[in-house]
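Notes follow the structure.
The values are calculated or read from the model by the stated rules, or taken from the named source; none is laboratory data. Computed from a predicted model, the values in this text were never measured in an experiment. Cβ sites come from the backbone with ideal geometry, for glycine too, and all protein chains shown count toward neighbours. Ligands, DNA and RNA are stripped out before the accessible areas are found, and what is left, the full protein with its side chains, is counted by its heavy atoms. Shrake-Rupley method; radii C 1.70, N 1.55, O 1.52, S 1.80 Å.
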Amino acid sequence: MSEIESAFRGRLKALSLADILEFMRGLNRKGLLTVNAEGTSIGLYLRAGRIVHATSSRPGDRLGEFLLRWGLISRAEHDQAVRQASQGQRLGKSLVACGALTPRALMEARHRQVREIALSMFEWDTGEYSFVEGEEPMEEGIRVDLSILDLVVEGIRSVRRLSLFRERMPSPDWVFEPLQPSGASPVALESHEEYVLALIDGHRTLGAIVERSEFGDLETLRILFLLFIIGRLKTKAEEVPRGGAEASPGGTLEEIVGHYNRMLGQVFQHLMKETGPIAEDLLAKSLREMKTAHPVLLGRVALGGDGTLDLALLRENLRAFPADRRRAALVQGLNELLYAELLALRMTLGTEHEGRVLRTIRGTSAAGASAPYA
């Protein structure tokens, strides 16, 4: 196990809890994810892509406070249970013993408590997070079994600060393509989400989709963000200019790969600096999406430790193309991959960070061909 998988940390951005939890679900490790923001520290204990326990430093997140707010126990029952808890007996056990809760009601309340604690973090747009491999809850209380994917979907659907979605979604001139659901248990979309998904056709821009939607701009952006997170849409890059290879970046195939690798490396470095190891998962996801569009060119290709692609594998894959099509196929595929990575960066960090990387890329491209994204 690498050090990066056993312990890592990073900073929160708008809606980045969705990215963090999706990364943890893919990592499939057991441990403690701690998030600190707004003077609060919340810990989520994870195991095999699920949440099994949660802690919070907020007094209002204590089980007794939740039970009072939900009207499940009286103040007298709460105070009696707290007195017994101060003598070493668990609060839940005291409430069951005095008849205030049934065992089933206690289990349901613990599940609801963990869920609400986790959902509260989706509004945070600043703070820090860290993950420590192998950590277990200190107390042997009731464990829950909450799907991370279900929580991410519910979290996005429940966000009240709709302006966060404007920060995360790209500019109105981007174009998306729909994707078929993947996995054994795809997310069941609600009717309004199906409606917006049907507006995505690979030709309409994001601005056109928002304008056509019946739900207004911010609610439509919420749905588009959800569809992107669960893998139901991907960006559509601009095509290689007419003229094919002659209009593509010049030089040998090796020089073209080097040119794109410099740009891909810049995206990786910036994401890694700002988000930590989640950058690897975000960019690997972009590459997986591009493999469906360019299976011959990108087959067996993986991102290196610096975010670049293996020249030898690309050269070998290009042998499947006619000699007069190799350069155009290479530029088309790498161009689309660069677009996908820039979209991932923008949706994770926002337009300001995208602008910084674009300025760096344009500076990098001055030494070679012009950046196709520019």
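Yes/no matrix, rows are residues, columns are (1) of a type in the set (A, V, I, L, M, F, W, C); (2) over 16 Å from residue 128 (Cβ atoms):
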{"residue": "12", "(1), (2)": "yes, no"}
{"residue": "19", "(1), (2)": "no, no"}
{"residue": "43", "(1), (2)": "no, no"}
{"residue": "59", "(1), (2)": "no, yes"}
{"residue": "67", "(1), (2)": "yes, yes"}
{"residue": "87", "(1), (2)": "no, yes"}
{"residue": "90", "(1), (2)": "no, yes"}
State all residues of region 190-215 that are open to solvent by 30 Å² or more (accessible area, probe 1.4 Å) and part of a loop (DSSP other than H, G, I, E, B); if no residue qualifies, say none. 190, 201, 203, 204, 214, 215
If you go through 342, 330, the only one that is open to solvent by less than 20 Å² (accessible area, probe 1.4 Å) and touching an Asp or Glu at 6+ places or on another chain (Cβ under 8 Å) is 342
Being under 20 Å from residue 72 (Cβ atoms), open to solvent by less than 50 Å² (accessible area, probe 1.4 Å) and within 24 Å of the chain's Cα centre (by Cα), is that true of even one residue in region 130-144? yes
Return only the number of the condition from (1) over 22 Å from the mean Cα position of the chain (by Cα); (2) at pLDDT 95 or above that residue 219 does not satisfy. (1)
Checking the conditions here, which among 107, 121 is farther than 14 Å from residue 51 by Cα, in contact with a strand residue (DSSP E or B) (Cβ under 8 Å, 6 or more places away or on another chain), assigned to a helix (DSSP H, G or I) and modelled with pLDDT of 90 or more? 121
Of all the residues that make up region 69-87, how many are part of a loop (DSSP other than H, G, I, E, B) and farther than 18 Å from residue 115 by Cα? 3
Among what's in region 53-70 and is of a type in the set (A, V, I, L, M, F, W, C) and surrounded by fewer than 18 Cβ atoms within 10 Å (Cβ to Cβ), pick the residue that is nearest to the chain's Cα centre (by Cα). 70
Can you find a residue that is surrounded by fewer than 18 Cβ atoms within 10 Å (Cβ to Cβ), over 30 Å from residue 350 (Cβ atoms) and under 21 Å from the mean Cα position of the chain (by Cα) anywhere in region 149-156? no
Okay, strands (runs of 3 or more DSSP E) sitting entirely in region 14-68 with 2 or more residues that are in contact with a Lys or Arg (Cβ under 7 Å, 6 or more places away or on another chain), I get 40-47, 50-56
Breaking point among (1) at pLDDT 85 or above; (2) open to solvent by 30 Å² or more (accessible area, probe 1.4 Å); (3) assigned to a helix (DSSP H, G or I), for residue 272: (1)
Just for region 275-293: of the residues that are of a type in the set (S, T, N, Q) and open to solvent by less than 70 Å² (accessible area, probe 1.4 Å), which one is modelled with the lowest pLDDT? 275
Sole miss for residue 77 among (1) over 26 Å from residue 29 (Cα atoms); (2) touching a residue at least 60 places away in the same chain (Cβ under 8 Å) is condition (2)
Candidate set from region 294-316 (those that are assigned to a helix (DSSP H, G or I) and either within 30 Å of the chain's Cα centre (by Cα) or basic (Lys, Arg) (or both)); member that is surrounded by the fewest Cβ atoms within 10 Å (Cβ to Cβ): 295
Would you mind stating whether residue 329 is in a helix (DSSP H, G or I) and modelled with pLDDT of 85 or more? yes
